[in-house]
Each structure stands twice: as structure tokens, then as C-alpha cells.
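The structure appears right after this line, and notes come after that.
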Amino acid sequence: MKNYVQADEWKIIEDGFVPELNEVSESIFSLGNGRMGQRANFEEAYSGKTLQGNYVAGVYYPDKTRVGWWKNGYPEYFAKVINAANWIGIDIVLGDEQLDLAKCEVSDFRRELNMKEGYLKRTFRAKTAKGTEVEVESIRFCSIVDDETGVIKYTITPLNYAGEITLTPYVDGDVVNKDSNYDEKFWDEVGKETWNDGGYVQLRTKKTGFEVATGQKFTITQNGAEVAISPKAIEKEKYTGLEIKMQSSVRKPTTIIKYAANVSSQNYPADALVEVLKTTLKAISEKGFDQMLAEQAAAWEKKWLQNDIIIEGDTSAQQGIRFNIFQLNQTYTGEDDRLNIGPKGFTGEKYGGSTYWDTEAYCVPFYLATADQKVTRNLLLYRYKQLGKAIENAKLLGFKDGAALYPMVTMDGTESHNEWEITFEEIHRNGAIAHAIFDYVRYTGDEQYLADYGLEVLIAIARFWSQRVNWSDEKQKYVMLGVTGPNEYENNVNNNWYTNTIAVWCMQYAMDVAAKVKAEDAEKYAALLSKIGLDEGKEFAKFSDIINKMYYPVDEKLGIFLQQDGYMDKDQTLVKDIPASERPLNQKWSWDRILRSCYIKQADVLQGIYFLEDRYDIDTIRRNYDFYEPRTVHESSLSPCVHAVIAAKLGDEARAYEFYLRTSRLDLDDYNNDTEDGCHITSMAGTWMAVLQGFGGMRVKNGKLSFDPFLPGKWTSFSFHIGFRGTLLNIRVGKEGVQIKNLSGNELTVTIYGKDQLIKANNELLVEAE
């Protein structure tokens, strides 16, 4: 664990330059706006350790799968959101020395991510090998108002130097992906151009044919006065830049404001991209930096009014939750149902920027409560539109009759994961997609979605489960063999309790929804049956038989659900007894040793209890939690949040707070020693879950919001906004009790500590602590 980020409620601050931590900082200080994003790379040249990263949402490349032994059903490629043209670059040369912090003596270095207003600021002093000293200030952001654009204000001031200074702002599309399977470059050049104060590069992805035009337009001032320039155009393959030579003097600041844009063929005709790009650059440059920054601050203020969480008395906890909310809002806005949420968002290449089941399991609750209903609906529509591909994926594995297996990793619905134990076996992902539909309808009351889209998905998923099980003559039960549960430190196991449980739940929910749609809109139901060829009597009878006769592994003596058959045959040494020098296991142990151990990467049985907690009494939950948590190493970013929520339900404040802090500061403190690859964006929604569902005790019961909160001992109070069916509430939990403010024109009944409370429109109520 690293602890170099300074505590601050609204800012992430790095004070002092440590090159060994630079890639971690590049992840943490990343920027985005839902349409594009970038790692916190330096504008000036840097020859030290760095992972360059600029990304355009939805633009991907099918990188050919690389495996040692090809198996039938393997995906042909891994879809990746690829490194796009670098638009932030500004080369600086002082006399004949290039400014490069890897080759300079650096002092007064400070990097500051202002989460309240949405910008990144960096300041430093640098002394070159020849003794030239300069002071630099850079401010940049990706605009959430003009979401195809970004802007940089870069000021360099010589402290002991008078002479020539050369600035070269550029756009460089000759980029690579660190994770390229075959060291291939993914872009071809379509065209490029420079003009007196800017230029562009237009690129096309190989194979997929996406086109992106990336351009710049800039102004230069000295001592606040705009300078007439006579730049020299520099053009190379996939590169345009403009070299400007100027005279500088001691303490005379030179400022370049660089406006940039990425426009994509996803949104415009390819032959119109250059025209759109030039129009966009003209519009934002006419606004100017100050107006764009003011608009950015105002837009972020509006976001924070809807989804901020305020924690009083614990700066570390406050910084952690705001960082997570900030990154989530930078990554996904819900405006485009073609887009989804990659596990690393715009902060790194790992996982290819593709969609995983994380979205449905962890992100859906966050967006349901903090954004307009259409945002989550678009996440569900993303999967509905890929149902045909999910059916094709199942066919490749031998399933039939409209059965659907949603991919573990995808950009367009095609399975892209290339590890057999995941691709073929981690099939519980289907359950998360079905549960997200349930979660959405329960929260919003939008039952029309079921008739229009949801039921078709649910039946396809239920069909898959009905074909994936087989009858065991020995057990006289249905069993599910050869699976990988959420705990990926177990592969090819039989009867994973969570997978069996969620499969049965999916089949029952599909039938429940079918009955509802049939009763309320018989005509639409009949049309769906015809469309998908459903033999209602035969198929539902099979579902019901499986539901009634499914096998679930249990340990009667311990009173727990067994993670899978044979789990108790493993050595049961607890995590606390593993030497610290051997952690994390995934970096210190062989895979063989991990697979033979009892250790759990992330919530597995407890994932099922979290999803379906209403099925289980508190003693059952406690027994399973107390058994499995001591065996869990939490080496998945998705693990601590589920444990925090369940611990809070059990009244275990110590463990709930421990896991909350771990999930909220997972990247800020680099708990798992992997933040350099990018931030864990989807797990950040789990931090929100830990506060609202954990400490806030928030649930939806019988169509009403319900809260059973408690105040962690280290906090003076905590408060949050939550939207529910057209009503916006502010809820504050303090030592005196729970204060609820209704910020909307609709009255709403909520349940607090088990009792219904009517909150009138634009009114407030205090419920005293029990």
C-alpha cells in the first residue's frame, strides 16, 4: 500500500515528484468526460517511465487472440479501446535543451486534481543539465460541456534564462498500445493538415474502420499580450506540429492555450470529420479558456448537487468517496446507449476498456440513484441490442433454441475474452445481467421495460441455464459442472453455490415476468412468443423442474453454503496466517498453488447473499460471512464493497469501516499494487454502495425506499443525495438521528428504521436515532 496522496476533501494532491510512482499518478490524475479521456501524462517530453494514454469512447480494435493452445469456441480477438492520438503534446526547448523532467533537477512539483471543478493543475520548477531554471504551470481538462473537446493552459517562466525558447504543440497519432498482442499499431493515416495556429491528423482503425480526426488550435501570449507567430510546420507519419521560436527573458512568462478536439465517425460521416473538427475548434477557441473553465465548474457543481456524499469528521474517507464519484462521472454519462463502462474507464489499457459484468453488478445501483432514469435504461438497452450476439456466443459453445450467453468481455456483443476458464466457465455473468433488469424495475417502477425489452433477454438467459445443467442419477438432482464462480482463484469446479443459485433465480424471475406481461398485455406477449419460438408449456415446465430439483452444496455441521463441491477438502489455513511477504498471492504464488488453496479472490457465496439477501435470515448471513471473509484475500477490486455492505447489515462496524476505507482508497493508496495499469472504475461504484447500502442501510422494499442507517464511530455525520422515481432527497445521518429533506415538488413515503415516514414536497423531517 502506498500513501503519498495528501488528504484533502475536494482535491487529490501529489506534493513532490517521485518518478517511480509516475505511472500510478498518471492513473489517479486521469481526466475524462464520457466521450473521451486521458491519463495524466505530461504535456512536455518525458523520457522516464510512463504509460501514454488517450482514449475515444466506443472506438476499438479487434486484437487477434494470443493463446498457446486453441480450443473450439475461443473468441478470435480481444476487443480493445485503443490508445488514440496524443493531443496534449507541447514540446519545449530552452536554447538547445529539451525540457524533460527525467533529465532535470525537479523541485516544488505539485499535481492537483480539482474534483469540485473538474480540472488538473500541475506546477514545478526544473533545472536543466546546463543550469537553466524554469517554472511551469499547466491547467487542463476534458470539457463535460463540449464533450468532444479538451483544453490546456501551459505557462513557462524562465527564472535565470534569457534567450530562445521553442514551443512545438502537436498532435501525434503514431501511438502504440502497451497491451498489443502482436506489437501491432492499430491506426492508419487518412489525412493531415497544418495551418498557422493549428492542425489535425485523421486516422482510421485497422479492421474496424473507425475514423477519428484529432486537431488543435492555439494562441500564445507573453506577459499577457498575444504574440504574432511565424510557425514552421512539421509533418511526419500520423503527426502534425508547429514549431514556434521566440525570445524569452528572465521572469517573463510565455503561455500557450491549446484547444483540442476528437471527432469520430461514430457520430458524423467520415468525409465530414475535418469540417466538423474545424468548426468545433473554432467554437471553443472563441469561447476562450476562462469561459470554458467557468462552464466546466458550473457543470460539475450541478453534478455534485445530485450525487455528492458528505462525510464529516474523516477527511480520508471523504476524499476517497469523492474521488470514486468523480471518476465514475468522468467515465460514463449515459447519453449514448452504444457506450458502456470499462473496468479501467479512460485511465489505462488493462482489460481492453471493454464491458464486463461489473457494470450490471456494481454500476447499475449507483446510476439508478444518482442520475436520470434513462442513464441506467441505456445500460440495459446496450445489452438488449447485443442479445443476438449473445445467442451466437451460446451457439458457438453448443447451445441452441435461442439460449443466450452474454460475453465476459465485449465491445459489440461478441465474446472477446481468451482464457478458457473465464470464456467457457465464468457463466454467472448471465445472472448479473438478469439481476440488473430486476434491480432497474424494482427501483424505477418502469415495468413497461419488461414487456418491451426485458422479458426477451430474461427468457434467453433462462434457456441457457436450462441447457447448462444436467441431471445427476447419483444425487437425484440437477447439477452444474465445470464452472468458475466470482472467485477466480477456483476454476473448473462443480456446483458453485452462487452459480447454481443465480441460475435458479433467473429461471424463476423469467417465469414471473412472463406471467406479469401475459396478464397485462396478452397481445404483446403472444407476439414475443412467436418472435422467439417459445413453447411456454414445455420450456416453463423444464424451468420449474430444475428450480425444484437443483442441487446446492452445503455443510450441515457448519451451517454454511459451500462455495463448491469439495471446498472443505482444501487446507483451511486462514488469510491472517499467510506471511505478509507472500501477499498478494497473484503476484507471489504460482497459479497451481492458488488453485489448490482455500483462498478467495472476491465475494463468491457472499455475492449471492448480497444479491438475494431477502431470502436469508440474519444468522445464516452471519455464519457464512464469518466463515468466508477470513478466507478472502480481496485481490479483486470488486471484493471489499460487498463485504462492507454485508458487515454493515450485521452491525459489524469495524469490518464495515475497514472494507469501506479499502474500497474507497483502493487506487489512491494502491492497495493491490496495480493502479499503474489504471484505476478500478467499475469497483468505484462499490464505494458508493458501501456508504448508501452499507452505512445508510438503503434498500427498496415494496416499492419504497427503506433506510436502516448507523453512524461509523469515526464520523460526525454523513449525508447524501438520492433520486427515486422523480423525487430528489437529501438524507443526513448524524448523532441526533436521520434528517430527510425533500428537494422536489412530490411527496414521498420512505421507511426509516422500519417505520413509514411521509416527506411532503419541499419539506424536511427529523427521525430521532434509536
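The values are calculated or read from the model by the stated rules, or taken from the named source; none is laboratory data. Everything quoted here is computed from the prediction, not taken from an experiment. Cβ coordinates were reconstructed from backbone atoms using ideal geometry, including for glycine residues, and neighbour counts include every protein chain displayed. Side chains included, ligands, DNA and RNA excluded: accessible areas come from the protein's heavy atoms. Shrake-Rupley method; radii C 1.70, N 1.55, O 1.52, S 1.80 Å.
Take the conditions (1) modelled with pLDDT under 95; (2) assigned to a helix (DSSP H, G or I); TYR671 misses just one of them, which is (2). The set of residues in the stretch 717-733 being more than 25 Å from LYS374 (Cα to Cα) and open to solvent by less than 10 Å² (accessible area, probe 1.4 Å) consists of SER717, PHE718, VAL733. The residues listed here are LEU368, LEU397, LEU387, LEU381; of these, the one that is over 20 Å from the mean Cα position of the chain (by Cα) and open to solvent by less than 30 Å² (accessible area, probe 1.4 Å) is LEU387.
Cβ separations smaller than 7 Å between residues 6+ apart or across chains give the following pairs from the stretch 469-485 residues that are closer than 15 Å to ASP545 by Cβ to residues that are open to solvent by 70 Å² or more (accessible area, probe 1.4 Å) and of a type in the set (Phe, Trp, Tyr): TYR478/TRP471.
Would a scan of the stretch 210-233 turn up a residue that is open to solvent by less than 60 Å² (accessible area, probe 1.4 Å), of a type in the set (D, E, K, R), in contact (Cβ under 8 Å) with a residue 12 or more places away in the chain and out of contact with any helix residue (DSSP H, G or I) (no Cβ under 7 Å at 6 or more places or on another chain)? No: zero hits.
Filtering the stretch 2-51 to residues that are out of contact with any helix residue (DSSP H, G or I) (no Cβ under 8 Å at 6 or more places or on another chain), closer than 23 Å to ASN672 by Cβ and not in a strand (DSSP E or B) leaves ASN3, VAL18, GLU20, LEU21, ASN22, SER25, PHE29. Across the stretch 96-152, what is the number of residues that are surrounded by fewer than 19 Cβ atoms within 10 Å (Cβ to Cβ), among the aliphatic types (A, V, I, L, M) and either touching a Ser or Thr at 6+ places or on another chain (Cβ under 6 Å) or in a strand (DSSP E or B) (or both)? Total satisfying the criteria: 2. Taken as a whole, the structure places ASP708 among residues that are open to solvent by 10 Å² or more (accessible area, probe 1.4 Å), over 20 Å from ILE321 (Cα atoms) and at pLDDT 95 or above.
Let's see how each residue does on (1) touching a helix residue (DSSP H, G or I) at 6+ places or on another chain (Cβ under 6 Å); (2) part of a helix (DSSP H, G or I):
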position: ASP412; (1), (2): no, no
position: HIS417; (1), (2): yes, no
position: HIS435; (1), (2): yes, yes
position: ASP439; (1), (2): yes, yes
position: ARG463; (1), (2): no, yes
position: GLN467; (1), (2): no, yes
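Among the residues of the stretch 681-703, just one is under 20 Å from the mean Cα position of the chain (by Cα) and open to solvent by 10 Å² or more (accessible area, probe 1.4 Å), namely GLN693.
Of all residues in the stretch 253-287, those being closer than 25 Å to THR208 by Cα, in a strand (DSSP E or B) and more than 29 Å from the chain's Cα centre (by Cα) number 0. Kindly check whether there is at least one residue in the stretch 541-549 that is under 22 Å from ARG429 (Cα atoms), open to solvent by less than 50 Å² (accessible area, probe 1.4 Å) and touching a Ser or Thr at 6+ places or on another chain (Cβ under 9 Å). Yes; the residues of the stretch 541-549 include at least one that is under 22 Å from ARG429 (Cα atoms), open to solvent by less than 50 Å² (accessible area, probe 1.4 Å) and touching a Ser or Thr at 6+ places or on another chain (Cβ under 9 Å). Residue-level check: of (1) out of contact with any strand residue (DSSP E or B) (no Cβ under 7 Å at 6 or more places or on another chain); (2) farther than 28 Å from LYS735 by Cα, VAL642 misses just (2). A count restricted to the stretch 291-340 and to residues that are assigned to a helix (DSSP H, G or I), closer than 21 Å to TYR119 by Cα and among the aliphatic types (A, V, I, L, M) stands at 10.
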